[in-house]
Amino acid sequence: MAYSDTMRSRKQPGAAVVYDDSMVLNGEPTRLNSNSEDTDIYPNEKALQSNNPETDDRVYGYEKKDLSWKQAQSRVMGDMEKASSFKITKQQWIVLGVITLIAAYIRLWRLGNPHSVVFDEVHFGKFAGKYINGTYFFDVHPPLAKMMFAWTGRFVGYDGVFDFKTIGLDYLAAKVPYVGMRFLPAILGLLLVPITFITLAAFGHSPDACAFGAIIVTLETALITQSRLILLDSILIFFTASTAMFWGLFFTENRSPFSRRWWVYLALTGVSMGNALSCKWVGLFLFAAIGLWTIKDLWEKLGDLSISLKDYLKHFFARFGCLFVLPLIVYVFWFNIHFRTLHKSGDGNNFMSPEFQNTLKGVSIGHTRRDIYYGARIRIRHDATNGGYLHSHSSSYQTGSKQQQITLYGFRDENNYWTISRTKEDEEKHANSTNPNELQPIKNGDIVRLKHWKTARRLHSHDHRPPVTKKDYHNEVSGYGWEGFEGDSNDYWRVQIIEGDSKEPGSKDRLMSIYSKFRLVHVNQRCALFSDRRKLPEWGFEQIEVTCMKNAKYPKTLWRVETNVHDNPPENAPFASYRKPSLLAKVVEANKVMWRVNNGLTKSHPYESRPISWPILRRGIAFWGEDSRQIYLLGNPIVWWLSSLSIVLFGGLLLLLILRDQRGFHDRMGGIREKYMNSTGWFCLSWLMHYFPFFIMGRQLFLHHYLPALWFSILALVSTLDLFTLRASRKVRQIVFGIVLLWTVRMYFQYGHLAYGTVWNRKGCEHSKWFGTWDYDCRRAPSNAATIATPILPITKAADGDDGAVDEKQAHKDSTIVEKVASIANNIQHHDINRPPPAENIDPNKHEEELNRPVPKMDKVPVAHKGPDAKPLSDTDTTPHKDLGLDPNGNPIKAKEGNGGDKVHNENGHEAIVGNEGFQAPPTVKAKVEPSEGDKQQDQA
């Protein structure tokens, strides 16, 4: 059969097409003339030709009957042992060195501009300081990139004091070594250039294509912008690209499996993948891309009968260990360093469980008596959300029953204590028993009542809708009752123990502090005490709502007793303590909290965007702006659009080839099909895995999330241009590359002002806005036609004939006037109601921090309804009440009318003021009582 680019033959049943990866990755395909003679064979491929066609039954990419057997075999098979390995020539290293030097100038030029906090430097600079100080904090991203900033900061002299509080804070005034900290992402961004060159070379592309790809990455303005600031993405992209490079180098050793170099490249792929995952969870997309390609590779090896079952299993376990287990070990390792560094109590405590908090220096919570008896005073913690403790105070709901508020409160104080007691019927039975003073433990299934220790109101629920969660299956939970009122059946709750501690026998049968996780199920309404971190309005002091939910799932209805106090505890009563978690348990918990907070990032941001707009570069992000300068994340349009076009082209050709293959046509695409599918195909698969997962995310998304996918699309562009111009002369190829480079360079100079934050001419700025959605502010740029001249300060003639002397007071006054005039003129010049919104950092923890923020305590002394005229209130009473209480000596206080509020007196004549929120202070205290330290600070024992 004569050779042709397009061949048609039906594949026979049982026939196999064998592919060899190294043929795809090393060198370029053989090109043949009509006489089937070699006309352009690259050096790597010459070594693969064979003079012994009968030694193997395989033909690369074809069945035996499709080609002349000896002819095809001599082209693609041969002596494997003599095949040359991957190598970059000395000339290529020189070219790469020159490109890298140019890239160093481009990436490091004016690295100190601007000398103020930019965009998310607000967070990552602050986190570096917390690492240096060792105080625990929480962030939604894994720790490696942040720790690298901390190490760099410490090396260059940052002491961790500067707080990076807001965008625009001056580094120079605070003497922060910010340039040294920015040097880290800048250097890693610079290393992306040689990594791109080596990756393309490893996948078998020509030297011209490798140099072309390196220059394209050098001039990509979004990558430049991101690598010049204290941001995580430059570090993430560096490890992502390193993974791709080592993956390509691994396949160059495909002809010598299990050799030392083969193992090194495979292991380095896994380590780099683990490092990428340890910077951001976007590293998981690498697992998807490499995992799918590994499945493809192992599937093809399964059909290779020359590979024994033993060798196949070695291939499988080598990949499983290096590409799955090793990255996870790296991930856990960096978390271990993270936990060891942040060993002190900090503002991230309340994100974590009590067990976790107990591992931090300065925290000691949960050491309490184990067994809980009736009459005990307990503090109950919500287990699922770490939202805080079951809490009440004297303020009432403004909706529903208008009875006393029940909330979750994240900090420990006396308003978190509840007395647990029997029902009225059980109290009577117990009083008439033979031993009424005997301590009785609380068991699974017991029906109990919970009485608020400070206000004497009982935990209560009824058929009223909660103030925030107005759902039919949610009931309001309130505090109801007063001193002397025995309550009603809506105060009854069944204790349902769901989980116990396996190391504490009986913790699932008897209620134990810390070890038992239980539900409180309302007897009448058949709903469970529930919370899901929804906040009450301002009248509820923005504490977390507590409801009673019908048919609720377990996690958010589970509670634990953290503190257990009894007036008459048994002798030698055992104590319970939170068990310190293992390293793996801490890693799992930290990642669960990261996942929850990430999913909660649903609030809008002025510069957020959706994935559908990223490949066409529809909109950027304002990072910083000051006077006539600004930093705006916007890519090089030519690079973005051509890269996206190469992805679309690959998808279209792949679909066309699949359809034609189904019809019996096997298109060789001029001899480049296998290489196109294996090189460009892998780049496109990696782009796909780094792009499409964002479509299923409901959280805030920004253009910088696309940058790892952008790098893969640039490789796909270079690969496409290289392979599709393969049959052209080198001069034609260089012309094609040159045209693209010229446009890329032009776009770099046009949009470089936005990357470097340098002054831009207004006319050039406005003409550069190809899309109306590119909302960088051209009003900031100076206009040649409308400039404000600096006035000359007048020289006032001094008295006594001292001509030429300056009156300093008058000069200062004139200078002040000039500055005010210039400021007003500048504001008029720049005023525009259509101006884009200012740069705003992204705060992923804002919502959680608000939930964990302490609020003032509402009452300072015990409060309860008292007096002979007190009348029982119906369960549906909607009249708000004022709570009366006891003085500091424990005597009842009687109400008395007065000015400036309701004055009340006790039997000893002490006086206090009663307002809507309960007692403020006895008159012996002249100043208003401030909130206690327990309300101001974090939960620390």
Among the candidates LEU326, LEU302, LEU309, LEU313, single out the residue that is farther than 17 Å from ALA202 by Cβ and surrounded by 15 or more Cβ atoms within 10 Å (Cβ to Cβ). LEU326
Are any of the residues in the stretch 211-222 β-branched (Val, Ile, Thr), in a helix (DSSP H, G or I), more than 26 Å from the chain's Cα centre (by Cα) and surrounded by fewer than 24 Cβ atoms within 10 Å (Cβ to Cβ)? yes
Return only the number of the condition from (1) more than 21 Å from TRP614 (Cβ to Cβ); (2) outside any helix (DSSP H, G or I); (3) assigned by TED's automatic domain parsing to the domain that holds ARG228 that TRP760 does not satisfy. (3)
Single unsatisfied condition, THR423 versus (1) buried (at least 18 other Cβ atoms within 10 Å of the Cβ); (2) under 39 Å from the mean Cα position of the chain (by Cα): (2)
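What are the residues in the stretch 369-393 that are part of a strand (DSSP E or B) and surrounded by fewer than 19 Cβ atoms within 10 Å (Cβ to Cβ), if any?
The one that is part of a strand (DSSP E or B) and surrounded by fewer than 19 Cβ atoms within 10 Å (Cβ to Cβ): ARG377.
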Need the failing condition index for ILE420 against (1) modelled with pLDDT of 95 or more; (2) farther than 18 Å from HIS566 by Cβ, just the number. (2)
Subset of the stretch 303-317 [over 16 Å from ARG255 (Cα atoms) and part of a helix (DSSP H, G or I)]: LEU309, LYS310, LEU313, PHE316, PHE317
Any idea which residue in the stretch 571-611 is nearest to TYR691 (Cα to Cα), counting only those that are surrounded by fewer than 12 Cβ atoms within 10 Å (Cβ to Cβ) and small (Gly, Ala, Ser)? SER604
Checked the stretch 615-649 for anything among the β-branched types (Val, Ile, Thr), over 26 Å from the mean Cα position of the chain (by Cα) and crowded, with 20+ Cβ neighbours inside 10 Å; matches are ILE638, VAL639, ILE647
Kindly provide the set of residues from the stretch 206-219 that are at pLDDT 95 or above and out of contact with any Phe, Trp or Tyr (no Cβ under 8 Å at 6 or more places or on another chain), ordered by number. ILE215, ILE216, THR218
Do we have HIS474 as crowded, with 16+ Cβ neighbours inside 10 Å and over 19 Å from THR423 (Cβ atoms) here? yes
Given the criterion part of a strand (DSSP E or B), of a type in the set (Ser, Thr, Tyr) and either more than 25 Å from PHE251 (Cα to Cα) or in contact (Cβ under 8 Å) with a residue 24 or more places away in the chain (or both), identify the matching residue among TYR691, TYR632, TYR676. TYR632
Within the stretch 407-459, restricting to residues that are among the β-branched types (Val, Ile, Thr) and in a loop (DSSP other than H, G, I, E, B), the one that is nearest to GLY481 (Cα to Cα) is THR455
Just need a number here: residues in the stretch 301-344 that are closer than 25 Å to PHE137 by Cβ and of a type in the set (S, T, N, Q). 2
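Being assigned to a helix (DSSP H, G or I), touching a Leu at 6+ places or on another chain (Cβ under 6 Å) and surrounded by fewer than 17 Cβ atoms within 10 Å (Cβ to Cβ) is the requirement here; does ALA104 meet it? Show your work before the answer.
On the way: assigned to a helix (DSSP H, G or I): yes; touching a Leu at 6+ places or on another chain (Cβ under 6 Å): yes; surrounded by fewer than 17 Cβ atoms within 10 Å (Cβ to Cβ): yes.
Judged against the criteria, ALA104 is a match.
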Residues in the stretch 276-287: is at least one among the basic types (Lys, Arg), assigned to a loop (DSSP other than H, G, I, E, B) and over 23 Å from HIS141 (Cβ atoms)? no
Residue pairs within 7 Å by beta carbon, gap of at least six or interchain, first lying in the stretch 197-215 and in contact (Cβ under 8 Å) with a residue 24 or more places away in the chain and on the phi > 0 side of the Ramachandran plot, second of a type outside the set (Gly, Ala, Ser) and part of a helix (DSSP H, G or I), listed first then second, are GLY204/VAL24; GLY204/LEU25; GLY204/LYS675
Select, from PHE124, PHE119, the only residue that is in a helix (DSSP H, G or I) and closer than 18 Å to ARG228 by Cα. PHE124
Over the stretch 354-384, the set of residues more than 34 Å from the chain's Cα centre (by Cα) and on the phi > 0 side of the Ramachandran plot is GLY375
Could you say whether any residue in the stretch 653-673 is within 30 Å of TYR776 (Cβ to Cβ) and either at pLDDT 90 or above or not in a helix (DSSP H, G or I) (or both)? no
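Starting from residues that are among the basic types (Lys, Arg) and part of a helix (DSSP H, G or I), keep the ones in the stretch 150-196 and report whichever is surrounded by the fewest Cβ atoms within 10 Å (Cβ to Cβ). Break it down stepwise before answering.
Residues of the stretch 150-196 that are among the basic types (Lys, Arg), as a first pass: 154, 165, 175, 182.
Now narrow it down to the ones that are part of a helix (DSSP H, G or I): 154, 182.
Details: ARG154: 17, ARG182: 25.
Filtering the stretch 150-196 for residues that are among the basic types (Lys, Arg) and part of a helix (DSSP H, G or I), the one surrounded by the fewest Cβ atoms within 10 Å (Cβ to Cβ) comes out as ARG154.
The values are calculated or read from the model by the stated rules, or taken from the named source; none is laboratory data. Keep in mind that this is a model prediction, so the values were computed, not measured. Because the Cβ atoms are built from the backbone with ideal geometry, glycine has one as well, and the counts that use them run over all protein chains shown.
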